[in-house]
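To keep things clear, I will list the structure first and then write my remarks on it.
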Amino acid sequence: MKPFRDRSQVVIGAICVGLLVAGVLAAFQLENISGMFGTKYRAAFADASGLTTRDEVRIAGVKVGKVTKIGLAGFKESTGRQRPYVEVQFRVDGDVSMGTKTKAVIAVKTLVGQKYLALQPAGPGEMSGGDLIPRSRTVAPFDVVDAFSSLAETVTKIDVEQLKKALTVLSDTFEDTPPHVKSSLEGLSRLSKTVASRDKQLQLLLKRTQGVTKVLAERSGEFRKLVKDANLLLDEVSKRKDAIHRLLVATDDLATQLSGVAKDNRKQLGPALKQLRGVAEILRKNKTNLEKTLKNMGPYIKAFTNVVGNGRWFDNYIDGLLQPYTPSGPTVVPEGGSRPGSAAKEGGR
């Protein structure tokens, strides 16, 4: 067998990269891979009502699976007419008992309209994989967002003036009716007049309500994340409540002790603070002189550091004490001077 070190490094690298990529993909698809071992069922609904794939499947509020597919199906009635319905395919993980009378309900999960599929196991026996829950045992919820949108569109199409005239004519027609009926109709007439007088405001209100519901529906993901983060924050605060309580108690004790220290040392602190204010005032008045002093001390400190920077001694020199030596001729001694080197001593250490 060929030794491992003698094999092609390119082939070995390609195999390692392939295994790494396969491992990463498997990690991202771990949930789907684990779901392959669940049992798949179907349910027939008259309306999907906002349910989407990957929505949760719950039993008694506990997540047991996910919706895998939503499509349009149909069946033939006794009259031969094709009647369509929505077929929802879902997966149930684990060992869950599904009776032959099991019901399915599309329930509202959040206020922004997110849905989930709720199962209600019932009946004897067990459903087999792929069995269909008929429409007689399924319930679709009322969609609040669609209801408000439809209400806004319907109200904007109402002829308020015609409605006002109709109610007024109805009130005049029943003028000779008993008092309680007459008063009811008069109330309806006043209601119609009020609606007519506030027509623009009502239309604006319903229009803005429609816009708000649309925005909430579009931002359902952000709202879910916000609620989830808020729950995490509350859980963390609940876990740290003892530490927060101890921190607040310690802060209160510290404040009490500082107050006591200030009270006990008031006589000493008063003059000290007064003198400190005086020092600060003097420094403020001599700010310009201090700045000049610090600026002028810079060159002096630099030169002094160069002198004493070689150890426990300092260097110095005298410039121009000795005359330069000229070997080409006799030495010229200036009047009142001395020969070179006669009185020179360079450096003192």
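Looking at Ala22, Ala26 in this structure, which one is over 23 Å from Glu126 (Cα atoms), modelled with pLDDT of 80 or more and part of a helix (DSSP H, G or I)? Don't jump to the end; show me each part of the working.
On the way: Ala26 fails: modelled with pLDDT of 80 or more.
Ala22 is the lone residue from the list that is over 23 Å from Glu126 (Cα atoms), modelled with pLDDT of 80 or more and part of a helix (DSSP H, G or I).
Yes or no: Ala272 among the small types (Gly, Ala, Ser) and touching a residue at least 60 places away in the same chain (Cβ under 8 Å)?
Judged against the criteria, Ala272 is not a match.
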For the range 109-120, which positions are touching a Ser or Thr at 6+ places or on another chain (Cβ under 9 Å) and surrounded by 17 or more Cβ atoms within 10 Å (Cβ to Cβ)? Val112, Gly113, Gln114, Lys115, Leu119
If we ask which residues in the range 29-52 are under 23 Å from Gly74 (Cα atoms) and either of a type in the set (Phe, Trp, Tyr) or at pLDDT 90 or above (or both), their number turns out to be 6
Could you list, ordered by first residue, the pairs with Cβ atoms under 8 Å in which the first is in the range 206-235 and free of Cβ contacts under 8 Å to residues at least 60 places away in the same chain and the second is β-branched (Val, Ile, Thr) and surrounded by 14 or more Cβ atoms within 10 Å (Cβ to Cβ), at least 6 apart or interchain? Leu206/Val155
Taking the range 297-315 as the search range and keeping residues that are surrounded by 10 or more Cβ atoms within 10 Å (Cβ to Cβ) and polar (S, T, N, Q), which one is modelled with the highest pLDDT? Asn306
Among (1) among the hydrophobic types (A, V, I, L, M, F, W, C); (2) at pLDDT 85 or above; (3) touching a strand residue (DSSP E or B) at 6+ places or on another chain (Cβ under 9 Å), the one test that Val62 misses: (3)
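The values are calculated or read from the model by the stated rules, or taken from the named source; none is laboratory data. What you see is a predicted model, and the numbers here were worked out from it, not measured in a lab. Quick reminder, even Gly has a Cβ in these numbers, built from the backbone with ideal geometry, and neighbours come from all protein chains shown.
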